[in-house]
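Structure first, then comments.
Bear in mind these aren't lab numbers, they're just calculated from the coordinates by the rules spelled out. A quick note: this is a predicted structure, and the numbers were derived from the prediction, not measured. Quick reminder, even Gly has a Cβ in these numbers, built from the backbone with ideal geometry, and neighbours come from all protein chains shown.
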Amino acid sequence: MAEQNVITSMLDDLSTEQPISTALCIGQNLEQYSSHHSISWQYFNVTDFLNLPFTQRFDLGFVLFDTAEWDGISEQQKIQMLVKLRDLMAKRLVVVSNLQDEKMLRALGFTQLIDKTAHVSDFALWQFNILTYKHVPDWFNSKFWANPENWNKFRW
């Protein structure tokens, strides 16, 4: 289970970047943090969340993979849940996972917040934020696209 001070400090950091008013949590009920951060939390277990229709987009999605609730859940169900959270339900997504889930999380576009070599415990913290997911390269602007003044001057 994630350390309470890690979650509290992470919520402080995330709320300074962008305000958080609504959040959903899967894996552990985090309502004890709602009084501290004025965040309206909604808790779902995995099977209920997979059947949940899209009705609202939350500011933050929080998934705790290191709880006992995930014992009977397949990797395919984890992927379905993360993709639904990432694409539909949450603007930002934070995942607390074991180190064995690294390959799956990287494949889904998550970035690691805590370096796994900095500690010895089986714990990793990941995030997905669409605003920082992909940096726009320099060449991706109108300067390098079809420039009629350069036609017949340069050959590719």
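Assorted remarks:
- Residue 74-residue 108 FRET efficiency (beta carbon distance; Förster radius 25 Å; 0.05 resolution): 0.95
- Neighbour-count ranking [beta-carbon atoms within 10 angstrom, fewest first] of 93, 11, 50: 50, 11, 93
- Ranked list, fewest to most other Cβ atoms within 10 Å of each Cβ, for 149, 17: 149, 17
- Neighbour counts of C-beta atoms inside 10 Å place 47, 16 in the sequence 16, 47, starting with the fewest.
- At full extension, residue 98 and residue 83 could sit 3.6 nm farther apart than now, given 0.36 nm per residue minus the alpha carbon distance.
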